[in-house]
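Structure first, commentary second.
What follows is calculated from the coordinates using simple rules that are stated; it is not laboratory data. Remember, it's a predicted structure, so these values are computed and weren't measured experimentally. With ideal geometry, Cβ positions are generated from the backbone for all residues, glycine too; neighbour counts draw on all protein chains shown.
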């Protein structure tokens with residue numbers, strides 16, 4: 001039996017690229033879908049916030065001279081494209097999925113509505129939240145924390161390429177040690193950069209626990225929802 005009832009999974013746009021440098025990698029996307037299908041089969045309700053970095057990053061556009069608000073709006077549209085791609089992949093795998101978006105686009109996805117999201121989740125449908133928060137200057141980390149609180153998720157999961165939070169970058173420091181558990185205060189004091197500041201503050205204020213884990217490891221998502229020692233758990 002799963003240790004949680006409802007989760008919010010934060011999946012970066014870059015993760016969708018797999019080994020490629022842009023766009024979508026079919027086998028990688030299929031692997032994510034397989035893991036999501038596995039946990040929904042356990043009865044876990046799954047919400048997802050997806051980033052847009054495989055298509056466009058607002059901060060990068062701003063650095064090249066574009067107005068930041070304009071660049072962030074383009075980034076939000078990229079997240080909607082990714083939400084649609086993920087929905088399509090899930091549906092092809094037999095998993096019911098819906099897209100809600102903070103950026104209203106007729107005929108693409110319904111505008112974000114908490115009550116509708118909760119009804120879909122309770123019916124066993126995966127709900128994918130695109131469009132970030134709908135506002136510039138906020139990252140999809142913040143969108144993930146916000147949606148997790150709004151849907152009353154038991155756990156926020158940040159999917160990464162490493163299996164947790166380390167004392168240093170494990171790719172650059174062979175002596176880096178992984179934390180099994182941390183408190184929010186410890187993560188702040190050690191400047192570990194687990195989430196952006198706004199997302200972190202919201203999680204801590206709302207007492208929402210976070211797990212950082214390697215989504216590329218087969219079965220990792222299932223082990224997290226089963227309460228096994230997978231990744232790093234950050235608690236209030």
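Below is a table of values for the structure above.
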quantity	calculated
Percentage, to the nearest whole number, of Cα pairs in region 80-129 over 12 Å apart	59
Residue-averaged 222 nm ellipticity for the chain, from DSSP H runs of 4+ at -39500 (n - 2.57), nearest 500	-11500 deg cm²/dmol
Residue 70-residue 37 FRET efficiency (beta carbon distance; Förster radius 35 Å; 0.05 resolution)	0.40
Evaluated at q = 0.16, 0.24 Å⁻¹: base-10 log I(q)/I(0), Debye formula over Cα of region 73-171	-0.74, -1.36
For peptides 218-227, 5-14, sequence by mean Cβ density within 10 Å, most packed first	5-14, 218-227
Stokes-Einstein D (µm²/s) once Rh is taken as the Kirkwood radius of region 6-235 over alpha-carbon pairs, at 4 °C in 1.567 mPa s	73
Radius ratio Rg over Rh of region 141-236, counting only Cα atoms, Kirkwood formula for Rh	0.95
Sequence-separation-based contact order of region 6-235, relative, with Cα cut under 8 Å and 6+ spacing, percent	22
